[in-house]
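Enquirer: Structure below; questions to follow.
Laboratory data are not the source of any read-out in this text; all were calculated from the coordinates shown. Only a predicted model underlies this, so the values are computations on that prediction, with no experimental measurement involved. Positions of Cβ are generated from backbone atoms using ideal geometry, with glycine treated the same way; all protein chains shown enter the neighbour counts.
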Amino acid sequence: MEEWLLGLAGSPLVYLGLYLFATIDGFFPPIPSESVVIALASLSVSAGKPSLVLVILGAAAGAFTGDQIAYTIGRRVKVRSLRIFRNARAQAALDWAQKALATRGASFIIAARYIPVGRVAVNMTAGALHFPRRRFVALAAFAAITWACYASVIGIGAGRLLEGHPVYAIIVGVIGGMIIGVVVDKMLSLWARRPAARDAEDVVVDEPDDAR
């Protein structure tokens, strides 16, 4: 098992796979890109490959691309009619995203990147509500970089803890990342429900902009 993992980690194709995982996860939440980033970062530390810098760059680039696709989907289709958003939980996530964008637009686009379903809902809703494209691009870029670093740090911690045991490092890192993800999800959900006045810096998202 370890030999297979090390062989896979040493292949240049691992970076392409990571990029694709992170991209698809941006608009299709069942793809667990955090787990892939954590696993590769833990391998990098515990076994010496793949390159940690390329893991972070690949994850950030994929996340950014996926977020732009989600935004574009939101601009062009009726988000609530999409199959992945037809259940009650997904509809609630869209309601949550719409309210959050109206009251905390910029900060919430960044924060939502850390929640698998939340980021898709927020980014598609941003497109549907005509959140300014250029501002969205800047926020999504910042969110993608910080998210890639966050997931990699979890993997680094597991890799340092179990250096020389890549399989155990991956398992511990992924489980730890899932637990942290649940905690972050709950904290941000509670934050979103707090009443807040509209910030002067927030954009009125129901007015279309021409910058695309």
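Enquirer: So how far apart, in nm, are the two label points at Arg89 and Leu161 if each is 7 Å from Cα heading toward Cβ?
Expert: Label-label distance for Arg89 and Leu161, simple model: 2.5 nm.
Enquirer: Lys and Arg at +1, Asp and Glu at -1: add these up for the other residues within a Cβ distance under 13 Å of Trp147 and post the number. Don't skip to the end; give the middle numbers.
Expert: Details: positive: Arg113, Arg119; negative: Asp25, Glu34, Asp67.
In short, -1.
Enquirer: When Leu54, Leu16, Leu129 are ordered from fewest to most other Cβ atoms inside 10 Å of their Cβ, what list results?
Expert: So the ranking, lowest neighbour count to highest, is Leu16, Leu54, Leu129.
Enquirer: If I take R0 = 25 Å and measure r between the Cβ atoms of Lys78 and Phe142 in this structure, what FRET efficiency does the formula 1/(1 + (r/R0)^6) give, to the nearest 0.05?
Expert: Efficiency computed from Cβ-Cβ geometry: 0.30.
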